[in-house]
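Everything below concerns the one structure shown next.
The values are calculated or read from the model by the stated rules, or taken from the named source; none is laboratory data. On a predicted model such as this, the values are computed, not experimentally measured, just so you know. Here the Cβ is made from the backbone with ideal geometry for all residues, glycine too, and neighbour counts use every protein chain on show.
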Amino acid sequence: MDFVNLYSKWRGCNRWLAVIRVLDLLHDRDEVKRRHAKISEGNAIKAYAGANKVLSNDTLKEAIAQAKDPAAKKELEEALVWSKAVNESIAKMVHDVPPFPFVRECLEKAYKKADMIVVSQTPTEALVREWKEHRIEGHVSVIAGQEMGSKSEHIQFAAGGKYRRRKSS
């Protein structure tokens, strides 16, 4: 997960898309093949991710409730347990980490002249908690986490009807 989430071109993607990418990459690794490791195909997670615009624990719970196949239901339930554990770990670990130097001052100045939003695939609860901890949440109009859709959707939502569409050359 570290590779996909931190060091790859997929950095910053939604956690469910990262899980799918990790599983796919593991299937392609020679070391994994040589060891005959049994790696899940992640079919239920792939189906869930393909069927939902918003990928969050809430929509995963809905997918679990609707799952008819016991194996798929079990895979999704295990995924939800993992996701909740990730959220709990982050809540315990991520605190007292201040913003980079001058971030607060930059946000204060920029907010007066620009539309400022947070665009992230982190769960909204974690984003709000961290921004409030450092008292910088008031410098953005919206804190958009994974529950609000993809990053592209966040930007479209924020810019909707406000700006002329530009074409790059």
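Taking the criterion of being surrounded by 12 or more Cβ atoms within 10 Å (Cβ to Cβ) and assigned to a helix (DSSP H, G or I), the residues of segment 67-81 that qualify are ALA72, LYS73, LYS74, GLU75, LEU76, GLU77, GLU78, ALA79, LEU80. Summed over segment 44-65, residues that are at pLDDT 95 or above and basic (Lys, Arg) total 2. Within the set SER83, SER89, SER141, the sole residue that is closer than 14 Å to ARG15 by Cα and of a type outside the set (Val, Ile, Thr) turns out to be SER83. Residues considered: SER120, SER56. Of these, the only one that is in contact with a Gly (Cβ under 7 Å, 6 or more places away or on another chain) and of a type in the set (Gly, Ala, Ser) is SER120.
Any chance segment 120-129 includes a residue that's β-branched (Val, Ile, Thr), loosely packed, with under 13 Cβ neighbours inside 10 Å and assigned to a helix (DSSP H, G or I)? Lay out the reasoning, then the answer.
In the first step, residues of segment 120-129 are kept if they are β-branched (Val, Ile, Thr); the result is 122, 124, 128.
Narrowing further to those that are loosely packed, with under 13 Cβ neighbours inside 10 Å: none.
Checked segment 120-129: no residue is β-branched (Val, Ile, Thr), loosely packed, with under 13 Cβ neighbours inside 10 Å and assigned to a helix (DSSP H, G or I).
Cβ separations smaller than 8 Å between residues 6+ apart or across chains give the following pairs from segment 42-66 residues that are within 10 Å of LEU76 (Cα to Cα) to residues that are polar (S, T, N, Q) and surrounded by 13 or more Cβ atoms within 10 Å (Cβ to Cβ): TYR48/THR59; LEU60/SER83; ALA63/ASN52.
Summed over segment 82-112, the residues that are outside any helix (DSSP H, G or I) and loosely packed, with under 12 Cβ neighbours inside 10 Å give a count of 8.
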